[in-house]
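**Q** Before anything else, here's the structure in question.
The numbers here are math on the coordinates, done by the rules we state, and not lab data. Worth saying up front: this structure is predicted, and the values here are computed from it rather than measured. So basically every Cβ, Gly included, is an ideal-geometry build from the backbone, and we count neighbours across all protein chains shown.
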């Protein structure tokens, strides 16, 4: 393993703070590379060797400046140090995809904003990844031969194809988890770091949060059948059971699928559920979108504790002043990223907000992808500097990264939030 970062962290070129380190080494080599000459024991300075006939004499290299007290020779015209080569990052996104183009553009804009804020020693090249598995793998092979580090792909299927290809030859920061999480016997490639905004991660954090706040209560998990909702429920359930085992508790858990049509869930199912829970201490994890959660709240009432993912916050921060106030959601707890709910956060305040075309309004999910681009750039710089373990107070949450020769891991802790006066605010800001 070379360097602190193992196989994942090894790159040919450093960026950022590492460049100054290189420059310092170059200066040292220059000073020790044959220029230290013995000096006479006097203080006379001889800048040029004497020339008998200046008009016809051949050119002579100026003699070095000699300082007797320091026993050091300083060349009058030292050779310039070579400029360090910038870190080459390939931003590998499906920019030509009809399905993923808008998401790719949001990530690209976020990377650009972060690069403009901290550009030193880094060059970014945008490369079209495509969105067909074979195409993604072949294009990656070409890109990896020219870049020091790759950020992407963006879609689950593309990440899965790349992870299974065996062609990860450069440190690669994937922007989502693969379609199917590899089994323990087949982990992700050691040079691949998964960095996404996975709904499963939020569900696991909510399971721990709600479990601490509602010890001994029954957990009721609601979803309406969408694939992301099923993944969230499964992640919550696994984490909940793990937590219960660790704490030697046996609280009951119930999963309910709500029939849904055009965004509206079946009210009769909710009324029946309310009747069943009338005398049962319980709380709800709503793996639903905001519209569906409002319906649940209307039936179940504000006295029932309700938790949800970032999908309960559909309003981009830039549009919250003109958005409808959802006062009927007050008290509902959820997770979201600092970029969406905490403009005073130190990491958030330093970056420019994205602008949107008049015919393409900015959505909350596009804002989150823009923020993902910002943090991906920051993580890439740290990885390139061969940091084996580091933390970042990011715009998508608190990021903890561990890199070894066997595996690279990133854990993101989202920010706790609550609905107050119809809007989502950080939980700590509640009064």
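**Q** Multiply the residue gap between residue 85 and residue 303 by 0.36 nm, knock off their C-alpha separation, and tell me the result in nm, one decimal place. Please list the in-between numbers first.
**A** Working: separation 218, 0.36 × 218 = 78.48 nm, distance 6.07 nm.
Roughly 72.4 nm would be gained on extension.
**Q** With the Cα gyration tensor of the range 341-406 giving a ≥ b ≥ c as the square roots of its eigenvalues, does the rule (a/c under 1.5 for rounded; else a/b larger than b/c for prolate; else oblate) give rounded, prolate or oblate? The partial results should precede the final answer.
**A** Values: a/c = 2.85, a/b = 2.09, b/c = 1.36.
It comes out prolate by the Cα gyration axes.
**Q** Once a ≥ b ≥ c are taken as the square roots of the eigenvalues of the Cα gyration tensor of the range 301-419, is the result rounded (a/c under 1.5), prolate (a/b larger than b/c) or oblate (a/b not larger than b/c)? Can you show the working numbers first?
**A** On the way: a/c = 2.72, a/b = 1.54, b/c = 1.77.
Oblate.
**Q** To the nearest 0.05, how large is the calculated FRET efficiency for residue 390 and residue 330 if R₀ is 35 Å and r is the Cβ-Cβ distance? List each step's numbers first, then the result.
**A** On the way: r = 38 Å, r/R0 = 1.09.
Working from the Cβ atoms, E equals 0.40.
**Q** With a point put 7 Å past each Cα toward its Cβ, work out how far residue 134 is from residue 246 in nm, to one decimal.
**A** Output for this residue pair reads 4.6 nm.
**Q** What length, rounded to one decimal in nm, is gained on full extension from residue 116 through to residue 291, with 0.36 nm per residue of separation minus their alpha-carbon distance? Present the calculation step by step, with values, prior to reporting the outcome.
**A** On the way: separation 175, 0.36 × 175 = 63.00 nm, distance 3.73 nm.
Result for the pair: 59.3 nm of gain on full extension.
**Q** Could you tell me the calculated FRET efficiency between residue 427 and residue 280, based on Cβ-Cβ distance and R0 = 22 angstrom, to the nearest 0.05? Don't skip to the answer; put the middle values down first.
**A** Details: r = 26 Å, r/R0 = 1.18.
E between residue 427 and residue 280, to the nearest 0.05, is 0.25.
**Q** Same structure again: Measure off 7 Å from each Cα along the Cα-to-Cβ vector at residue 165 and residue 213, then give the distance between these two points in nanometres to one decimal.
**A** Inter-label distance under the simple model: 4.3 nm.
**Q** How much length, in nm to one decimal, is gained on full extension between residue 228 and residue 266, taken as 0.36 nm per residue of separation minus their Cα-Cα distance? Mind dumping the intermediate values first?
**A** Details: separation 38, 0.36 × 38 = 13.68 nm, distance 1.92 nm.
Between residue 228 and residue 266, full extension yields an extra 11.8 nm.
**Q** So, in nm, how far is label residue 253 from label residue 146 when the simple model puts each one 7 Å beyond its Cα toward the Cβ?
**A** Output for this residue pair reads 4.8 nm.
**Q** Please state the shape class of the range 174-262: rounded when a/c is under 1.5, otherwise prolate if a/b exceeds b/c and oblate if not, all from the C-alpha gyration tensor.
**A** On the way: a/c = 2.36, a/b = 1.33, b/c = 1.77.
Note, shape of the range 174-262 comes out oblate.
**Q** Can you work out the base-10 log of I(q)/I(0) for the range 200-336 at q = 0.11, 0.13 1/Å, using the Debye formula on its C-alpha atoms alone?
**A** Here the Debye-derived log intensity ratios amount to -0.37, -0.53.
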